[in-house]
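For reference, the structure is listed below as structure tokens.
Readers should treat all values here as calculations from the given coordinates under stated rules, not as data from a laboratory. All values reported here derive from a predicted model rather than from experimental measurement. Here the Cβ is made from the backbone with ideal geometry for all residues, glycine too, and neighbour counts use every protein chain on show.
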Amino acid sequence: MISANASHSLDTLLARRAFEFDHANPILADLPKETSETISLAYGDADPRLFPIKELISSVDGLLSEKRDAVLNYAPVDRELTELVARRLQKRGVVVDEQNILITYGSSQILGLLPQIMLNQGDVVIVEGPTFLGAIEYFVTQGATIETIPVGDHGMDIDALADTLQRLAAHGKQAKFIYTIPTHHNPTGTMMPLANRKRLLSLAATYGVLVLEDDAYGDLDFRGEMAASLLTLPGSEWVLHIGTFSKILAPGVRMAWAYGPTPVMQRLRKFQSDQGAGPFITRLVSYIAKDGWLEQHINVLNSAYAYKYATMRDAMAQHFPQDVRVSTPSGGFFVYGYLPLDMPARALIDVAIAHGVSFLPGTVGYANGGGTHEMRLAFSFQSEAHIVEGITRLGEAMRVHRAQG
């Protein structure tokens, strides 16, 4: 019999893993400390003015009028939503087996689940540098050893990837998966060319490595095109693809999907305790997307975000020092900046905040300490007027920082 003891603590009941990441993440310390007066160019929030409010309200009314019992009771994921995802993949040239579609609560759910089914402590995961901050957090939390591949003007450096895979193999190691954002990359905005995509999959097949394709921004293409998903290329049997409705409906909808090899999808499904999302929200997404409305809405988004990017581009050309280099994205939410040696991002962000504007220092996108002279600027959330004002303030902050020596 265990007697009551005042010295007992609930901490003794917790698993060791619960304490492994109590220490502060040094990357997060570089996030800008904004105030209510700050024009934030740091975070990739969607523009609330573009949310389809009327359509969402109408769809909720329609669901509650037509399918009240089905949407408000216990039920599996809506079959029509799975069919919608299948049609959207087929439109891009993917040969779809609907059994391998997994509806998820946001794409981040897959970033959290995949390490659970694939990683043991110390296993190698390959990521881009820079990359999505949240992905690094998920992988490190699950005990991954991170290998970083640099990103250039054409996305992931495939030569560097080949060298890394060869080095790992020479030491008897195998990466478990490669995490990549080949289309409208977050944070750099770059686009991986088709030849590089094919070579990426060839390397994955050669070394037996899964490729996790994060396609969060695939629909947001200012050219009115869609890049070839890795799922459509030779070697696609090594691809796990994730897409999301968050960027094309609203982030608060938290609805996404995954598609990939049967063994992976079966195990992901077993670990997905909540079945992806409730019947109401899954039916809402399929309901609002019917009759081609979603594709029309995506066209509206692309026109609006293209104009916001052009506004930022023109403002940077006018107000930034000439030795600040910036990317030229063809879609997505972000512009990436490369700062001169006398302008480290960590120092510049303090001056920028004092001038009433913020950006995301490049350091938060690296697992290996890189990005000290890089920055991400989001044009997605702010109005055109605030974009111009924010870039004007940031340009002044750059000049003040440089004058201070």
With no solvent and one point per C-alpha, what does the Debye sum give as log10 I(q)/I(0) for the stretch 280-371 at q = 0.12, 0.16, 0.18, 0.23 Å⁻¹? -0.58, -0.82, -0.92, -1.24
Grab every C-alpha pair in the stretch 54-292, bin the distances at 10 angstrom width from 0 up to the longest one, and report whole percents. 7, 32, 35, 18, 6, 1, 0
Projected area averaged over orientations for the stretch 187-279, convex hull of C-alpha atoms, nm²: 7.5 nm²
Quick one: the Cα spread of the chain along its three principal axes, in angstroms, biggest first? 63, 58, 55
Could you work out the helix-only [θ] at 222 nm for the chain, with each DSSP H run of four or more residues adding -39,500 (n - 2.57) and the total divided by the number of residues, to the nearest 500 deg cm²/dmol? -12500 deg cm²/dmol
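How many percent of DSSP beta bridges within the stretch 54-292 run antiparallel, rounded to 5?
Approximately 35 percent, going by the DSSP bridge assignments.
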Simple Cβ-charge dipole of the stretch 79-118, Lys/Arg +1 and Asp/Glu -1, about Cα centre, in debye nearest 20: 180 debye
If you place +1 on the Cβ of every Lys and Arg, -1 on the Cβ of every Asp and Glu, and leave all else neutral, what size is the dipole of the chain about its Cα centre, to the nearest 20 Debye? 480 debye
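With both bridge residues required to lie in the chain, what share of the DSSP beta bridges run antiparallel, to the nearest 5%?
Antiparallel: roughly 50 percent of the beta bridges in the chain.
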Along the principal axes of its C-alpha atoms, what lengths does the stretch 112-196 span, in descending order and rounded to whole Å? 33, 30, 17
Computed over all unlike Cα pairs, the Kirkwood hydrodynamic radius of the stretch 267-334 in Å stands at 15.9 Å
Collect residues whose amide H, placed 1.01 Å from N in the peptide plane, falls under 5 Å from the amide H of V357; neighbours closer than 5 in sequence don't count. I39
In Å and from the alpha-carbon atoms only, list the Rg and Dmax of the stretch 99-147. 11.3, 34
Calculate how large, on average over all directions, the projected area of the Cα convex hull of the stretch 241-395 is; give the answer in nm² to one decimal. 12.3 nm²
Gap separating the Cα centres of the stretch 332-398 and the stretch 232-299, nearest whole Å: 32 Å
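Can you figure out the FRET efficiency of T232 with Q266, using R₀ = 25 Å and their beta-carbon distance, to the nearest 0.05? If you can, show how the numbers build up before the last one.
Numbers: r = 23 Å, r/R0 = 0.91.
For T232 and Q266, the calculated efficiency is 0.65.
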20 Å reach of a label modelled at K54, 7 Å along Cα-to-Cβ, counting backbone N of the stretch 280-310: 285, 287-305
Which links in K33/K290; K91/K173; K67/K247 stretch past 30 Å when you go from one Cα to the other? K33/K290; K91/K173
Cα centroid separation, the stretch 135-166 to the stretch 100-123 (Å): 17 Å
Can you list the residues, at least 5 places off or on another chain, whose amide H is less than 5 Å from the amide H of D123, using H built in the peptide plane? T145
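When 1/r is averaged over all different Cα pairs and the result inverted, which Kirkwood radius in Å belongs to the stretch 53-139?
Over the stretch 53-139, the inverse of the mean reciprocal pair distance is 16.5 Å.
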Obtain the nm distance between the two label points defined at A317 and K198 by a simple spin-label model: each point lies 7 Å from its Cα along the Cα-to-C-beta direction. 3.4 nm
Förster radius 41 Å - calculated FRET efficiency between S303 and A15 (Cβ-Cβ, nearest 0.05): 0.25
Ranked from highest to lowest mean number of other Cβ atoms within 10 Å per residue, what is the order of the peptides 99-107, 228-236, 240-248? 240-248, 99-107, 228-236
Based on Cα positions only, what radius of gyration and what Dmax would you give for the stretch 179-218, in angstroms? 10.5, 28
Simple Cβ-charge dipole of the stretch 250-319, Lys/Arg +1 and Asp/Glu -1, about Cα centre, in debye nearest 20: 320 debye
Net lengthening on full extension, K33/Y338 (0.36 nm per residue, minus Cα-Cα): 107.7 nm
Which far-off residues, 5 or more places away or on another chain, put their amide H under 5 Å from the one on L240, with H placed in the peptide plane? V211, L212, E213
Extension gain H154-I117, at 0.36 nm per residue separation less the Cα-Cα distance, in nm? 10.2 nm
